[in-house]
Amino acid sequence: MRHAGCPVIRLLPFVIMRGDRGLTSSFQLFTRRVRSDWKFQIRAMRMAVDWVIAIYFVIPVLLVAGYHYYAWYMTPPAWLHGISVHTVATLCYLFTWLGTLRYFVEEGDQLFLRQNEGWFRHLMHLGYRYSVALQGMTSLLVTLVFLPLLVSVYAYSATQVVGFWLLTYVVKLNIGLLRQLLALRIRGFMLWVWRILMFAVGFAVYQFIVTALTDHALYCWVAVALGALTFALLTRVRLRARGTFFADVERERDARMRIVSLMLIRVMERKRKPIRRTPLLFGRSQRLLKGKGAGTGMAELLIKSFFRNGLQWRQSIQFAAAVSAALFLLPVGIKLLVWLLAAVLLVFWRKSFCKDELTTPFLNLFPIKDEMKHQALQKAVPILVLPVLIVISLVGGISFFTWWGPLVMVAAAFPLAYGSSSVFTSWY
């Protein structure tokens with residue numbers, strides 16, 4: 001579609017102009033695109049939830065949830081008091097990373113709407129204001145979800161609840177703008193580094209303010225005022241940025257397809273990444289283990305296959321993040337139980353990966369005995385378990401808030417990794 005001779009490109013301006021016939025202002029164009037987006041999202045939801053599911057499942061669930069919500073608000077059960085304010089703050093902070101600020105620009109706008117700078121800029125401003133208002137509504141909805149905890153358990157006053165909502169709102173707006181500005185100016189690995197740094201700093205600040213809201217409400221209102229001022233400055237920078245058209249179009253396309261993409265996640269064809277000529281890790285295929293024999297060679301093959309697998313890296317990081325967050329929030333006794341359970345799950349996960357690798361068609365070409373495969377499994381699994389378990393143990397030790405906690409937990413990770421691997425790989 002990028003070639004000048006393509007018939008679709010020659011007809012596209014007439015199709016667009018025909019679809020927008022009768023428009024006399026950029027506001028009418030904006031309202032038409034908002035209505036189109038809502039209709040598209042409703043049709044997408046109808047694909048997953050038809051009238052049968054709505055009548056026999058969705059509506060009963062909503063009625064039961066509404067009944068329990070009212071009952072918990074009036075008389076909270078005992079187990080509800082076990083949910084700390086840190087847990088609520090963590091969930092709300094994760095919510096602030098969802099969604100984006102939209103501008104309702106489309107790819108066809110470069111053919112006719114960009115010629116009218118006034119219409120185009122007004123369309124972007126209207127879409128931006130619409131997104132800001134929508135973020136406020138969703139933030140209010142999340143605050144209402146946690147209202148039984150905030151009022152009945154944490155004894156928040158009406159002013160404190162409003163402060164909690166506004167704090168979540170301004171944090172969500174600032175994070176959305178900062179993520180857009182970072183994506184426009186930074187690419188590749190450094191973008192992820194800045195995002196991780198922003199997530200960590202924002203999480204620490206948000207947790208501190210929400211925790212202090214009960215006794216020091218002034219902190220919350222100061223943070224809201226500073227957040228509003230920062231948002232105004234970021235808005236000025238973002239709306240004056242140049243060369244952002246194609247990035248805005250791609251972001252708008254992703255936002256429009258957010259529901260459909262969840263349903264088609266397993267059938268959508270993704271763009272294949274270029275294959276490296278040499279792997280990023282162990283590019284020279286150097287020796288990793290001492291000893292000779294087929295078992296040692298296959299153990300090295302399993303280790304290199306795992307650490308060169310991007311999917312395994314991504315899933316391991318997600319697993320480590322989830323378990324580490326749980327270790328921070330849970331009591332000490334349950335914390336140690338989760339730590340042990342995480343080690344066992346890692347062993348079974350790595351064992352399953354190794355067994356799949358040992359049944360590949362390439363290895364089946366060789367007459368390798370099961371005893372050799374078992375030996376390779378026992379050598380490789382503890383090495384594959386250790387990196388993630390060390391990270392989890394380090395975070396678990398930090399959660400004890402003592403100087404010796406990280407040292408003891410990391411030191412205990414080594415015997416735990418080798419011991420659990422020895423037990424659960426004793427059979428092939």
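The figures follow:
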| item | result |
| --- | --- |
| Yes/no for LEU330 being of a type in the set (A, V, I, L, M) and in contact (Cβ under 8 Å) with a residue 24 or more places away in the chain | no |
| Condition check for PHE246: modelled with pLDDT under 85 and either touching a Cys at 6+ places or on another chain (Cβ under 9 Å) or part of a helix (DSSP H, G or I) (or both) | yes |
| Every pair of residues 6+ apart whose Cβ atoms lie under 6 Å, when the first sits in segment 406-417 and is of a type in the set (Gly, Ala, Ser) while the second is part of a helix (DSSP H, G or I) | ALA413/LEU389; ALA413/ILE390; ALA413/SER393; ALA417/PRO382; ALA417/VAL385; ALA417/LEU386; ALA417/LEU389 |
| Test: residue in segment 87-94 that is assigned to a helix (DSSP H, G or I) and open to solvent by 60 Å² or more (accessible area, probe 1.4 Å) | yes |
| Subset tally (residues that are farther than 30 Å from GLN160 by Cβ and of a type in the set (Gly, Ala, Ser)) for segment 90-147 | 3 |
| Residue list for segment 154-171, restricted to those being assigned to a helix (DSSP H, G or I), aliphatic (A, V, I, L, M) and surrounded by fewer than 22 Cβ atoms within 10 Å (Cβ to Cβ) | ALA158, VAL161, VAL162, LEU166 |
| Yes/no for ARG258 being modelled with pLDDT of 85 or more and over 30 Å from LEU358 (Cβ atoms) | no |
| Any hit, segment 186-194, residues being free of Cβ contacts under 8 Å to residues at least 12 places away in the same chain, of a type in the set (Val, Ile, Thr) and open to solvent by 20 Å² or more (accessible area, probe 1.4 Å) | yes |
| Residues of segment 73-83 that turn out to be open to solvent by 40 Å² or more (accessible area, probe 1.4 Å) and not aromatic (Phe, Trp, Tyr), as a count | 6 |
| Check on LEU340, farther than 18 Å from GLU300 by Cα, in contact (Cβ under 8 Å) with a residue 12 or more places away in the chain and not aromatic (Phe, Trp, Tyr) | yes |
| Unique match (being surrounded by 15 or more Cβ atoms within 10 Å (Cβ to Cβ) and aliphatic (A, V, I, L, M)) among VAL210, VAL201, VAL205, VAL222 | VAL210 |
| Those residues of segment 140-160 which are in contact (Cβ under 8 Å) with a residue 60 or more places away in the chain and more than 16 Å from ILE83 (Cα to Cα), in sequence order | GLN160 |
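The values are calculated or read from the model by the stated rules, or taken from the named source; none is laboratory data. What you see is a predicted model; the values in this text were computed from it and never measured. Virtual Cβ from ideal backbone geometry, glycine too; neighbours counted across all protein chains shown. Side chains included, ligands, DNA and RNA excluded: accessible areas come from the protein's heavy atoms. Shrake-Rupley method; radii C 1.70, N 1.55, O 1.52, S 1.80 Å.
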